[in-house]
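A short reminder: the numbers here are calculations on the coordinates, not readings from a lab. These numbers were taken from a predicted model, which means no experiment stands behind them. With ideal geometry, Cβ positions are generated from the backbone for all residues, glycine too; neighbour counts draw on all protein chains shown.
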Amino acid sequence: MRYSFIFFFLISLSTHAQQTADVEDFKKEVLTLRAEVQNIRVNLAKGEQKFKRGILVATIGYSVTIAGGLMLGRKHDELGKGLLIAGGTTGIIGTAMMLDAFKFLGRPLREKQKSSP
């Protein structure tokens, strides 16, 4: 009887210690997840601003391209050709800016992969 009491007492202490360790691991995991969510929010904000700028530049560029195309074959043919080239180039740059904005979305994953052995 005495030995069974000591046995059950030791098992309960072991279980309590394990639960405490599990709670601490859980707290660390929650803090890690909070940090990752904050990092994702920061990267999304960066990406959003860059994406909006890219949309603006691309819209202006393609609008100039359309204006240049409408001027072809008329009185200001040379100006139309120049607008086509300038607008197309500006539109492509804006599209590249939009695509570049997506690099912020994958950053936490890339950093995690680099730090992993």
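Remarks
- The residues packed around residue 83, meaning those with a beta-carbon under 15 Å from its beta-carbon, carry a net charge of +1 if Lys and Arg are +1 and Asp and Glu are -1.
- Summed side-chain charge close to residue 96 - residues other than residue 96 whose Cβ falls under 12 Å, Lys, Arg +1, Asp, Glu -1: +2
- Cα-based convex hull, segment 47-101, per residue volume (Å³, whole number): 41 Å³
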